[in-house]
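Contents: one structure, followed by commentary.
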Amino acid sequence: MSRIETPRPIRGTQDMLGEQAQRFGHVVDTFDRVRRLYGFGRVEVPVIEPTAVFARSLGETTDVVSKEMYSFEDRGGESVTLRPEFTAGISRAFLTEGWQQHAPLKVVTHGPLFRYERPQKGRYRQFHQLDAEVIGAAEPLADIELLCFADQLLRELGIENGVTLTLNTLGDAETREAWRAALIAHFSANRDQLSQESIDRLEKNPLRILDSKDPRDRPIADAAPEIDAFLSADAGRFFEAVTTGLDSAHVRWTRNARLVRGLDYYRHTAFEFVTDRLGAQGTVLGGGRYDGLIEALGGPATPAVGWAAGIERLAMLIDLPEPESITAMIIPMGAAAEPAATDLLARLRRAGVAADMSYKGNMKKRMHKADQSGARFAVIIGDDEIARDEFALKDLANQTQQWVSRARLIEILRG
């Protein structure tokens with residue numbers, strides 16, 4: 001019989017166990033704890049959506065839509081896509097599920113996303129993100145709160161050092177239209193010096209040329225007009241309110257006048273938390289205000305702001321958290337003691353005590369596993385213990401042992 005070859009995982013995906021899974025879980029647990037402090041509720045949205053949800057929200061000309069989405073026709077003939085990001089799906093749900101009644105809606109989610117791109121350090125084809133959104137709030141206070149949330153998350157993960165909040169304004173519709181026209185004029189006058197990719201972007205998405213990584217584009221992009229020359233009075237006041245609020249909340253920030261979002265539905269605040277601790281400078285959390293997105297999906301004009309952060313990238317930056325450990329290992333002395341041990345194990349767990357028991361082995365082997373497990377205590381159960389309805393409680397740290405009743409045992413182990 002020929003040997004069956006086990007299929008390899010799909011390129012750009014990953015299996016996690018041990019330290020990697022521990023880091024991942026710590027990021028998610030910290031996010032869930034901090035979001036409660038800010039009054040953000042949790043939502044879930046489908047992993048798969050109609051392709052139109054992302055084509056309309058991300059733009060047909062973006063790399064994500066044109067090159068990176070996992071899109072296919074299902075058996076019903078509908079074009080569907082594995083979600084490449086969260087905001088579009090949450091915005092779709094806001095419209096189709098009647099969530100407008102809850103506006104302003106403060107929500108978070110996290111989970112897997114999918115993009116067909118070249119895998120690299122901290123980036124995968126199936127990757128995971130944290131996501132936070134405020135939908136239905138036009139006030140700068142919403143932007144401030146989200147940025148404070150992000151800042152506190154990074155602090156509680158212990159990675160605020162070496163991470164910088166960079167901030168910009170994209171202005172209102174009036175500002176953006178005037179700036180876009182000036183950029184088109186500037187880049188058109190220098191068209192012969194641009195890369196082909198930037199030439200292709202010139203008419204459809206000129207703002208994207210500003211963050212081009214192509215060396216041919218940098219001198220032209222660096223000399224482009226800045227948005228401040230075109231800021232309307234309202235847009236200027238909005239940005240000042242955001243920066244003043246951040247100062248009041250003691251959130252450090254720096255201005256990056258070249259930070260852009262190419263799609264037309266972005267307005268006002270754009271931001272990235274960046275670091276060079278992953279090699280080349282990279283973004284660990286980013287977002288902005290997207291007041292035109294709900295409208296692009298067929299809904300009424302609805303202000304919104306949000307951010308997302310890659311879980312894998314955050315997990316690479318944190319210190320290794322304390323390993324998960326149990327409080328007690330139950331040690332039955334022979335098969336006859338296993339029913340009593342199983343009974344005690346169930347009682348302890350229902351009382352909130354982390355406890356475990358080996359599936360097999362004599363007392364010596366089970367004690368050896370208890371020592372290896374990192375448990376603080378071992379609870380030994382044999383015929384004498386069952387007859388006395390007391391248990392031998394051994395402190396594995398100092399190797400002392402005492403007899404305790406069942407009620408007293410649970411009290412001790414609960415701390």
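If you go through the stretch 33-64 one residue at a time, how many are without any contact (Cβ under 8 Å) to a residue 12 or more places away in the chain and under 24 Å from residue 159 (Cα atoms)? Total satisfying the criteria: 1. Is there a residue in the stretch 239-259 that is in the same structural domain as residue 144 (by TED's automatic domain parsing), touching a Gly at 6+ places or on another chain (Cβ under 7 Å), outside any helix (DSSP H, G or I) and of a type outside the set (Asp, Glu)? For the stretch 239-259, residues in the same structural domain as residue 144 (by TED's automatic domain parsing), touching a Gly at 6+ places or on another chain (Cβ under 7 Å), outside any helix (DSSP H, G or I) and of a type outside the set (Asp, Glu): absent.
For the stretch 219-238, which residues satisfy the criterion of being in a helix (DSSP H, G or I) and of a type outside the set (Val, Ile, Thr)?
219, 221, 222, 228, 229, 230, 233, 234, 235, 236, 237, 238
The residue of the stretch 338-352 that is surrounded by the fewest Cβ atoms within 10 Å (Cβ to Cβ), among those that are of a type outside the set (A, V, I, L, M, F, W, C) and assigned to a helix (DSSP H, G or I), is 350.
A search for C-beta distances below 8 Å between a residue of the stretch 399-415 that is touching a residue at least 24 places away in the same chain (Cβ under 8 Å) and any residue that is charged (D, E, K, R) and surrounded by 12 or more Cβ atoms within 10 Å (Cβ to Cβ), counting only pairs 6+ apart in sequence or on different chains, returns 406/347; 406/390; 410/347. Considering only residues in the stretch 59-83 that are part of a helix (DSSP H, G or I) and at pLDDT 75 or above, the one that is nearest to residue 197 (Cα to Cα) turns out to be 67. Selection of the stretch 348-382 for residues being closer than 12 Å to residue 413 by Cα and in contact with a strand residue (DSSP E or B) (Cβ under 9 Å, 6 or more places away or on another chain) yields 348, 349, 353, 354, 355, 375, 376, 377, 378, 379. Scanning the stretch 214-264 for residues that are touching a residue at least 60 places away in the same chain (Cβ under 8 Å), farther than 20 Å from residue 290 by Cα and surrounded by 14 or more Cβ atoms within 10 Å (Cβ to Cβ) gives 251, 253.
For residue 301, the conditions (1) free of Cβ contacts under 8 Å to residues at least 60 places away in the same chain; (2) surrounded by 13 or more Cβ atoms within 10 Å (Cβ to Cβ); (3) closer than 30 Å to residue 115 by Cα are fulfilled apart from (2).
Every listed requirement among (1) surrounded by 14 or more Cβ atoms within 10 Å (Cβ to Cβ); (2) under 30 Å from residue 277 (Cα atoms); (3) of a type in the set (D, E, K, R); (4) not assigned by TED's automatic domain parsing to the domain that holds residue 94 is met by residue 289 save one, (4). When the stretch 1-38 is filtered for residues that are within 18 Å of the chain's Cα centre (by Cα), part of a loop (DSSP other than H, G, I, E, B) and more than 26 Å from residue 121 (Cα to Cα), only 38 remains. Consider the stretch 292-327 and keep the residues that are touching a Phe, Trp or Tyr at 6+ places or on another chain (Cβ under 7 Å) and in a loop (DSSP other than H, G, I, E, B). The one that is nearest to residue 14 (Cα to Cα) is 327. Restricting 142, 103 to those that are closer than 21 Å to residue 36 by Cα, crowded, with 21+ Cβ neighbours inside 10 Å and touching a strand residue (DSSP E or B) at 6+ places or on another chain (Cβ under 7 Å) reduces the list to 142. When you check residue 385 against the structure, is it within 30 Å of residue 16 (Cα to Cα), assigned to a helix (DSSP H, G or I) and not polar (S, T, N, Q), yes or no? No: the conditions fail for residue 385.
The values are calculated or read from the model by the stated rules, or taken from the named source; none is laboratory data. Keep in mind the model is a prediction, meaning the values are calculated, not measured. Glycine also receives a Cβ, built like all others from the backbone with ideal geometry; neighbour counts cover every protein chain displayed.
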